[in-house]
1. Using a 1.4 angstrom probe on heavy atoms only, work out the carbon and sulfur share of the accessible area of the chain in %.
2. Can you give the extra length, in nm with one decimal, that the chain gains between residue 45 and residue 57 once fully stretched, where that is 0.36 nm per residue apart less the Cα-Cα distance?
3. For residue 36, tell me the accessible area in Å² from a 1.4 Å probe, rounded to the nearest 10.
4. What is the extension gain from residue 19 to residue 68, computed as 0.36 nm multiplied by their sequence separation minus the C-alpha to C-alpha distance, in nm to one decimal?
5. Determine the per residue accessible area of the chain with all protein chains present and a 1.4 angstrom probe, expressed in square angstrom.
Amino acid sequence: MVDRGVGGTGGAQLSVARSGGNVVLSWTASGLVLQSATTITGPWTNVATTGNTHTAAIAGGTMFFRLRSP
């Protein structure tokens, strides 16, 4: 598990854990938007989530995630 404080989001923690062939992202604060991109510089796209978690298949390639305040 990797925990990172998220700047500008009230100290929310974004956690990433592997579960079989997936990664599970979860975060501690509500009201944030999860975004993903294939490069660190974007473009960033909003990700549909259920509550404060998101499960993504490990499908090869690189994927970046971030949280942002709406």
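The values are calculated or read from the model by the stated rules, or taken from the named source; none is laboratory data. All values reported here derive from a predicted model rather than from experimental measurement. Side chains are part of the model used for accessible areas, which takes the heavy atoms of the whole protein and leaves out ligands, DNA and RNA. Shrake-Rupley method; radii C 1.70, N 1.55, O 1.52, S 1.80 Å.
1. 53
2. Separation in residues times 0.36 nm, less the Cα-Cα distance, equals 2.6 nm.
3. 20
4. Taking residue 19 through residue 68 to full extension adds about 15.2 nm, to one decimal.
5. Working: 4390 Å² over 70 residues.
About 63 Å² of surface per residue is accessible.
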